[in-house]
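So the structure is just underneath, and the comments pick up after that.
The values are calculated or read from the model by the stated rules, or taken from the named source; none is laboratory data. Here the structure is a predicted model, which means the values were calculated and not measured. Quick reminder, even Gly has a Cβ in these numbers, built from the backbone with ideal geometry, and neighbours come from all protein chains shown. Quick note on the areas: whole protein, heavy atoms, side chains included, nothing else; ligands and nucleic acids left out. Shrake-Rupley method; radii C 1.70, N 1.55, O 1.52, S 1.80 Å.
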Amino acid sequence: MAWRSVMISRPARLRREHFSLAIDQEKTAFVPFEDIAVIVLDHREITLTHPVLSACAEYGISLFSTGGNHQPNGVFMPYLQHSRATRMLRLQLNIARPATKQAWAAMVRHKIINQACCLKLAGCKGAERIDSYARRVRSGDAGNCEALAASYYFPRLFGQGFHRSQNRWINAALDYGYAVLRGAIARGLVAHGLLPSLGLFHASEQNAFNLADDLIEPFRPLIDLHVASQSLNEERELLPGDKASLVALLNVDIAMPRGTMSVLFAIEQSVESLARFYENEHADSLELPILSGLRQHLREQ
């Protein structure tokens, strides 16, 4: 399974050489395409050839571009590579409303549980109250526990007075990390024949990634924990090293029902379980993560 995240933040030329991505800079580096899950292009003077784009589609690689603010602003993904995409589309369109509400409740519940785990791992107070919100989640999150938990959680993690609309290093880092996670999830959805624009809860007509925005929720506290663990200097911008460490979170350990695995593999299993959910309409089919820290996953040799 693909496991590498490649981030390029200096001038470079990317080309395909047989089964590898060739990165021409002062020297040339070669990375097998089959190992790559994500490529992030974060410099204006990066050029790439058409065979590189074709290889990204062939190997299921998410290729991110960044804008003038160096935040991800686009992602290139394979086009309907799953053999049963039409069948999965019909299942997505015909899913029963009660089932979608139960699935959304499960995602919100796991998100709030992971927010409590994040506070505990970060040494912050308030985890017990966050856990109480998780216990109160009902079908469709009719009680809006997600928003109630968030309003209590973020000030405990990042300090009183913090909110997500502020122009601060913390928010820039959170946005970057969430964007990378979102693209990795969208990649998995496409690989399993699911249409990312058809969400369970999110339903914006202007959003091509509604379903990814549903499934990302239990994974978000991983980014929060990493950002909270940094020595913060709010006066500086998001540096290449910050971005590289955020991309590297795709390869940290996270707990899943089948055991501890990398975030990339956990995304794969969560998407597989989501495809099963569309088949049987049972929310207990969903396999969602539980935060366990920031330890890098050790690959078996």
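For segment 235-291, applying the loop criterion from DSSP together with a ceiling of 11 other beta carbons within 10 Å to the GluC sites (Glu not before Pro) yields Glu235, Glu237. The amide H of Leu48, built 1.01 Å from its N in the peptide plane, has Leu14 as neighbours under 5 Å, considering only residues 5 or more places off or on other chains. Fully extending the segment from Asn73 to Glu128, taken as 0.36 nm per residue of separation minus the present Cα-Cα distance, adds 16.1 nm.
The 3J(HN,Hα) values that the Karplus relation (6.51, -1.76, 1.60; θ = phi - 60°) gives for segment 161-168 are, in residue order, x, 6, 8, 6, 8, 6, 8, 9 Hz. Gly and Pro appear as x.
Label reach from Arg13 (point 7 Å along Cα→C-beta): in segment 27-51, amide nitrogens under 19 Å belong to 27-31, 41-51.
On a per residue basis, segment 176-256 carries 34 Å² of accessible surface, using protein heavy atoms and a 1.4 Å probe.
What helices does the chain hold that run 27 Å or longer along their axis, going by alpha-carbon atoms, with a Kyte-Doolittle average of 0.5 or more, using DSSP H for the helix calls?
169-191
With 0.36 nm allotted per residue and the present C-alpha distance subtracted, the Glu58-Ser292 stretch has 80.9 nm of extension available. Mean residue ellipticity, 222 nm, helices only, the chain: the sum of -39500 (n - 2.57) across DSSP H runs of n ≥ 4, divided by residue count and rounded to 500, is -14000 deg cm²/dmol. If R0 is 30 Å, the Cβ-Cβ spacing of Arg276 and Thr28 corresponds to a FRET efficiency of close to 0.10.
Note that segment 21-149 shows a convex hull volume over its alpha carbon atoms of 189 Å³ per residue. With all protein chains in place and ligands, DNA and RNA left out, the 1.4 Å accessible area ranks Phe64, Phe154 as Phe154, Phe64, largest first.
Residues whose amide H falls under 5 Å from that of Ile39, counting only those 5 or more places apart or on a different chain, are Val6, Ser62, Leu63, Phe64, with hydrogens built in the peptide plane. Accessible surface area normalised per residue over segment 96-158 is 45 Å², counting heavy atoms of protein chains with a 1.4 Å rolling probe. Measure off, as a whole percent, the carbon and sulfur share of the 1.4 Å-probe accessible area of the chain, all protein chains present. So the carbon and sulfur contribution to the accessible surface is 50 percent.
Stretched out straight at 0.36 nm per residue, the stretch from Ala203 to Gln230 would grow longer than its current Cα-Cα span by 6.3 nm.
Distance between the C-alpha centers of segment 254-274 and segment 111-190? Whole Å please. Centre-to-centre (Cα) distance: 19 Å. Once each part is reduced to its C-alpha centroid, what is the distance from segment 200-227 to segment 17-44 in angstrom? Answer, in whole Å: 28. Label zone (Ser151, point 7 Å along Cα-to-C-beta; backbone nitrogen cut-off 15 Å) within segment 106-140: 130, 133. For segment 206-301, the Kirkwood estimate of the hydrodynamic radius, built from every pair of different alpha carbons, is 14.9 Å.
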